[in-house]
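Peer 1: What follows is a structure written as structure tokens; I'll ask about it next.
The values are calculated or read from the model by the stated rules, or taken from the named source; none is laboratory data. A quick note: this is a predicted structure, and the numbers were derived from the prediction, not measured. Heads up, the Cβs are rebuilt from the backbone with ideal geometry, glycines too, and the neighbour counts pull from every protein chain shown.
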């Protein structure tokens, strides 16, 4: 099946913004010459003027069997696709129907055949040999983690014994030292929580800078605000819960206190740093087959504290209505060379995927992109949108699901749902959603982003009317209440993405 | 009741975490909560757990109290989650319907939106802001018609760097959906720079529908608003604007408005309008400039005849001003007045020559050629020369050459541009003579040759590397293609490398031309001693466009003349783009040796570290096939 070329798709395939801008510039200036396509329109080729003495031969092959076209160009650029290739893709997306039909150059046909041959010859990768378990190493690690948790418990008890009000610059150093200790014991998530705690305490979270007088020495932020205090208290509670549950996990006592196997496995990852491999997840039964997903919203967040960039796509399972998330996370320093997962514009048909364990609303989904045929992205159809609307729920069950998640202090304070909205309106300047049963939810953004999604929803709802809202319900630690942060509105076949 | 107690206890626990466990265990609120919850424990097991935990805290001492307080906090977090309720609106009252809005979708992908938002808000990582905005606004799928960017449009109109491109491209692309928010911000009577842009933006979207607003602006607005309103009205409906513009052009007290009104008369067909424009052409410099552009576009049947008639015998014979001897104050004043009048006449004549050339009639062009050849005043002859070059009038530039070396810079540039525009294929034959050694040795000969090389280099830059929203260097695409195909320019650049004074211009030309045959020459320059850092960087960039094993050694040689983080950064960018794994050990060796000789500062070493990290990366997942 041929790849569908759209301008959005091209934007995602572009290696960087500049290449795309340059491609548009080439197109505007008519640098592409002698454009043509083969009889079934799966090969397009032509020449593009560039800085070389002769124009570059540029081509694209849409029948590659992959989800991206193969773009070839004779220019020396190491970018892939290069700006000339992107210009050809753009020209094809805009006016491909008008390209004259010609016999493709022989070398191009040969390359295509060679590629098909290679794909046919490709042997399936041998099944990964089961990992050998080094029991001594495991026991050593468990001992280290147990010791680290003991130290953390003592540290927390010391902090609370005197009260957090007496925190000083030394306390921040101690927290950071503790974070290193946890990272050394392979409990990176806990180390991250501690790093975050030190940022909250020092005010770095709010953008406070060090005093010039004492460079390099961080101090406690002056006058902690209500929000900051609430975060610190909650983080401390999370850390204490981590200690308690981590110890139980090490002792294998989860089963005794009624924790589900799924949650116990999730905590092995979140507390004890177990790295799930896809075969492990398959073996443990966290595996789904033949699913159709549609992306509700895609978000990118940059965490200055942990120095990681994360892209999250919230996907609705069109069959069972659950909302799962696809997560890519990369350290900042790798971003010039790699890209975070882009937004999914079509409907995904997934042959098999891992669904991470945990008693949370938005479980993580992951599949192996490299395995042929596992993921197919096709254009969305009316039936997909009908399924989205069908899975929209009233507020009551949605709130119950969130409460169930909030009961565990280690779980996130928010979750994404699809809510069937009967109407949107304004109450004293606040945007409010009302469902069929008359239940209301105040919509408010979780942070002051550049583009408040509530503003976008006001416009969208006024113009298109109510529909099914993809909304992040979040528990606010200051007001101790639940708010909705709108992500996308579905009205008929319209998918209005509200977040930047 | 129990719920309220739990809520209060939850907040108290947070407070106690800050106050300390010793204060918590003796706090009367803790005891109060226990007394309130204990009777209910039998009915609700969760409350029983809370009560037990409170008692444990009360009974604990020393560090154990802290441990129990943390356990209570953990328990309360569970209770809080189980009882979480949706927030209530801060104000009470009925739900009001949302104000009506026009349908507009969200076609931008997250990546595209991020780019466009960055361009509109001047985010730290945004580049080529105007170009990004224009590209999205003019894309075939109307990508910029996205409701999420509506709140950013009005603030962007206050950003001088992008305001014009927003008015011209983005606002029309958004269409009527943006009009209500623009109208909310518009204050016709205040007339700030933002209001002028808002008025123009609304007029561009609404067209004829905006006429009442424009009329109101003309009536009530301050000068800036009146000027913008009459200009927009003239653009939208020249006939409707004519009677208003006729009055404003001569009666308005603001010069800015008079100028705008004269502009608005460009499409006016009446005799009266032509008379007003001709009178304005005889007015002040600003009015004359506006009248010149309006007259240049005038479709009035008698416009040519009337404009030619302005070139009177008196003006043709206008000579230099002769300074008269003046002794008394009256005589000096009279002489100064006379001199000013003469200067005005010369300026008038210069503009008239431009106008005649722009109208493009044979009669007008002959008058300009006559002025170039015969007029006594040099400024007039220069203006005529520029005008002739601009319209590509054949035969004029050959005559211009002798006086070219002493001409102002702008005239030289006009000349070079004119020669290229006249016949790009013959441009090399006509301009190569300026590179002969005897000509280069003349006064200003080197300067002219540099200008020629720079102008030719621009033709190679334009197609590939335009980097802002403005339309390149103004050369036609056709001329660019001809120049780029003419290999003689590259040969000329190579030959000019031998001349120290021309080397930087020649390297710039060769860099942009990127011809494969320049590799050997670039390599031989790289071996020369005493290269300046600018020359070394240009050779660096030239070599970066080729693939050859010798280049790696040349890179290392060229690093020697460079100094400072900026220059090293430029060089490292080239090496990163070159991306040859063989370069990594060589570069590391060079860097180690350099560090031993003289330790590089952090800013100097950082580009190398970054470059080496990239070159030494795992390449297992390299691109497939071909």
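Peer 1: Anything in region A:364-388 that is assigned to a loop (DSSP other than H, G, I, E, B) and within 17 Å of residue A:277 (Cβ to Cβ)? List them, or say none.
Peer 2: A:367, A:368, A:369, A:370, A:371, A:374
Each row is one residue, and each column tells you yes or no for (1) at pLDDT 95 or above; (2) within 17 Å of residue A:325 (Cβ to Cβ); (3) surrounded by 19 or more Cβ atoms within 10 Å (Cβ to Cβ).
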| position | (1), (2), (3) |
| --- | --- |
| A:343 | no, yes, yes |
| A:351 | no, no, no |
| A:371 | no, no, no |
| A:381 | no, no, no |
| A:385 | yes, no, yes |
| A:389 | yes, no, no |
| A:392 | yes, no, yes |
| A:397 | yes, no, no |
| A:401 | yes, yes, no |
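Peer 1: Based on this model, can you work out whether residue A:478 counts as more than 7 Å from every other protein chain (Cβ to nearest Cβ), under 27 Å from the mean Cα position of the chain (by Cα) and buried (at least 22 other Cβ atoms within 10 Å of the Cβ)?
Peer 2: Details: more than 7 Å from every other protein chain (Cβ to nearest Cβ): yes; under 27 Å from the mean Cα position of the chain (by Cα): yes; buried (at least 22 other Cβ atoms within 10 Å of the Cβ): no.
When the stated conditions are applied, residue A:478 does not pass them.
Peer 1: Just give me the residues in region B:238-247 being surrounded by fewer than 24 Cβ atoms within 10 Å (Cβ to Cβ), in contact with a helix residue (DSSP H, G or I) (Cβ under 7 Å, 6 or more places away or on another chain) and modelled with pLDDT of 90 or more, in sequence order.
Peer 2: Across region B:238-247, the qualifying residues are B:242, B:244, B:246.
Peer 1: Need a quick list: helices (runs of 4 or more DSSP H) entirely within region B:1-77 having at least 2 residues that are within 14 Å of another protein chain (Cβ to nearest Cβ), under 58 Å from the mean Cα position of the chain (by Cα) and within 30 Å of residue A:149 (Cα to Cα). Spell out how you get there, then give the answer.
Peer 2: Values: elements: B:2-19, B:21-26, B:28-37, B:45-59.
Because the criterion is at least 2 residues that are within 14 Å of another protein chain (Cβ to nearest Cβ), under 58 Å from the mean Cα position of the chain (by Cα) and within 30 Å of residue A:149 (Cα to Cα), the helices (runs of 4 or more DSSP H) in region B:1-77 that meet it are B:2-19.
Peer 1: Looking at region B:520-537, which of the residues that are assigned to a helix (DSSP H, G or I) and surrounded by fewer than 19 Cβ atoms within 10 Å (Cβ to Cβ) is farthest from the other protein chains (Cβ to nearest Cβ)?
Peer 2: B:533
Peer 1: Take region B:128-153 and flag every residue that is more than 7 Å from every other protein chain (Cβ to nearest Cβ), in contact (Cβ under 8 Å) with a residue 40 or more places away in the chain and assigned to a loop (DSSP other than H, G, I, E, B).
Peer 2: Passing the criteria: B:145, B:146.
Peer 1: Here is a list of conditions, (1) over 26 Å from residue A:229 (Cα atoms); (2) assigned to a strand (DSSP E or B), and residue A:436 meets all of them except one; can you say which number that is?
Peer 2: (2)
Peer 1: Suppose the filter is assigned by TED's automatic domain parsing to the domain that holds residue B:252, out of contact with any strand residue (DSSP E or B) (no Cβ under 9 Å at 6 or more places or on another chain) and either over 18 Å from residue B:387 (Cβ atoms) or not in a helix (DSSP H, G or I) (or both); does residue B:288 pass it?
Peer 2: No.
Peer 1: Test of understanding: among A:137, A:116, A:127, A:183, which residue is in a helix (DSSP H, G or I), modelled with pLDDT under 85 and either more than 36 Å from the chain's Cα centre (by Cα) or more than 14 Å from chain B (Cβ to nearest Cβ) (or both)?
Peer 2: Result of the check over A:137, A:116, A:127, A:183: A:137.
Peer 1: Here's something else I'd like to know. Which condition number does residue A:85 fail, the rest of (1) farther than 21 Å from residue B:141 by Cβ; (2) modelled with pLDDT of 85 or more; (3) outside any strand (DSSP E or B) being met?
Peer 2: Unmet for residue A:85, out of (1) farther than 21 Å from residue B:141 by Cβ; (2) modelled with pLDDT of 85 or more; (3) outside any strand (DSSP E or B): (1).
Peer 1: Suppose we keep only residues that are buried (at least 20 other Cβ atoms within 10 Å of the Cβ) and farther than 25 Å from residue A:27 by Cβ within region B:155-176. Which one would you say is modelled with the lowest pLDDT?
Peer 2: B:157
Peer 1: Would you confirm, using the coordinates I've provided, whether residue A:488 is facing chain B (nearest Cβ under 9 Å), farther than 28 Å from residue A:359 by Cα and surrounded by 20 or more Cβ atoms within 10 Å (Cβ to Cβ)?
Peer 2: Judged against the criteria, residue A:488 is not a match.
Peer 1: Turning to a different aspect of this structure: Check B:224, B:195 and return the single one that is buried (at least 21 other Cβ atoms within 10 Å of the Cβ), away from every other protein chain (no Cβ under 14 Å), touching a residue at least 12 places away in the same chain (Cβ under 8 Å) and over 29 Å from residue A:29 (Cα atoms).
Peer 2: After applying the criteria, what remains is B:195.
Peer 1: If you take the residues of region A:399-429 that are part of a helix (DSSP H, G or I) and either free of Cβ contacts under 8 Å to residues at least 40 places away in the same chain or more than 10 Å from chain B (Cβ to nearest Cβ) (or both), which of them is nearest to the chain's Cα centre (by Cα)? Give the derivation first.
Peer 2: Step one: filter region A:399-429 for residues part of a helix (DSSP H, G or I), giving A:399-406.
Imposing the further condition that a residue be either free of Cβ contacts under 8 Å to residues at least 40 places away in the same chain or more than 10 Å from chain B (Cβ to nearest Cβ) (or both) reduces the set to A:400-401, A:403.
Numbers: A:400: 25, A:401: 22, A:403: 23 Å.
Taking the candidates together, the pick is A:401.
Peer 1: Which residue, of A:379, A:394, is out of contact with any strand residue (DSSP E or B) (no Cβ under 7 Å at 6 or more places or on another chain) and closer than 25 Å to residue A:318 by Cβ?
Peer 2: The unique qualifying residue is A:379.
Peer 1: I've got another one for you. Please work out which one of (1) within 30 Å of the chain's Cα centre (by Cα); (2) surrounded by 19 or more Cβ atoms within 10 Å (Cβ to Cβ); (3) within 11 Å of chain B (Cβ to nearest Cβ); (4) not in a loop (DSSP other than H, G, I, E, B) is the condition residue A:25 fails and give its number.
Peer 2: (1)
Peer 1: Any chance you could count how many residues in region B:78-87 are part of a helix (DSSP H, G or I) and surrounded by fewer than 22 Cβ atoms within 10 Å (Cβ to Cβ)?
Peer 2: 4
Peer 1: I would also like to ask the following. Tally up the residues in region B:88-114 that are modelled with pLDDT of 85 or more and either under 20 Å from residue A:423 (Cβ atoms) or part of a helix (DSSP H, G or I) (or both), please.
Peer 2: In the first step, residues of region B:88-114 are kept if they are modelled with pLDDT of 85 or more; the result is B:88, B:94-108, B:113.
Okay, now just the ones that are also either under 20 Å from residue A:423 (Cβ atoms) or part of a helix (DSSP H, G or I) (or both), so B:88, B:94-103, B:113.
Qualifying residue count, region B:88-114: 12.
Peer 1: If you don't mind, there's one more thing I want to ask. Select from region B:109-122 the residues that are out of contact with any strand residue (DSSP E or B) (no Cβ under 6 Å at 6 or more places or on another chain) and within 8 Å of chain A (Cβ to nearest Cβ) and list them in ascending order. Walk me through it before giving the result.
Peer 2: Quick first cut of region B:109-122, residues out of contact with any strand residue (DSSP E or B) (no Cβ under 6 Å at 6 or more places or on another chain) only: B:109, B:111-122.
Matches in region B:109-122: B:109, B:111, B:112, B:113, B:114, B:115, B:117, B:121.
Peer 1: Right, next: On the basis of being under 23 Å from residue B:509 (Cβ atoms), at pLDDT 85 or above and in a helix (DSSP H, G or I), does residue B:413 make the cut?
Peer 2: no
Peer 1: What about residue B:219, is it free of Cβ contacts under 8 Å to residues at least 24 places away in the same chain and assigned by TED's automatic domain parsing to the domain that holds residue B:189? Quick ask: steps written out before the conclusion?
Peer 2: Values: free of Cβ contacts under 8 Å to residues at least 24 places away in the same chain: yes; assigned by TED's automatic domain parsing to the domain that holds residue B:189: yes.
Yes: the conditions hold for residue B:219.
Peer 1: Okay, next question. Assuming residue B:180 fulfils every condition listed in (1) more than 7 Å from chain A (Cβ to nearest Cβ); (2) touching a residue at least 40 places away in the same chain (Cβ under 8 Å); (3) part of a loop (DSSP other than H, G, I, E, B); (4) under 24 Å from residue A:427 (Cα atoms) apart from one, which condition is it?
Peer 2: Tallying (1) more than 7 Å from chain A (Cβ to nearest Cβ); (2) touching a residue at least 40 places away in the same chain (Cβ under 8 Å); (3) part of a loop (DSSP other than H, G, I, E, B); (4) under 24 Å from residue A:427 (Cα atoms), residue B:180 fails exactly one: (3).
Peer 1: So which of B:308, B:257, B:247, B:276 is in a helix (DSSP H, G or I) and in the same structural domain as residue B:375 (by TED's automatic domain parsing)?
Peer 2: B:308
Peer 1: Being surrounded by 14 or more Cβ atoms within 10 Å (Cβ to Cβ) and within 14 Å of chain B (Cβ to nearest Cβ) narrows it down to one residue among A:433, A:355; which is it?
Peer 2: It is A:433.
Peer 1: Additional query: Which one is modelled with the lowest pLDDT, of the residues in region A:47-62 that are in a loop (DSSP other than H, G, I, E, B) and surrounded by 18 or more Cβ atoms within 10 Å (Cβ to Cβ)?
Peer 2: Filtering region A:47-62 for residues that are in a loop (DSSP other than H, G, I, E, B) and surrounded by 18 or more Cβ atoms within 10 Å (Cβ to Cβ), the one modelled with the lowest pLDDT comes out as A:51.
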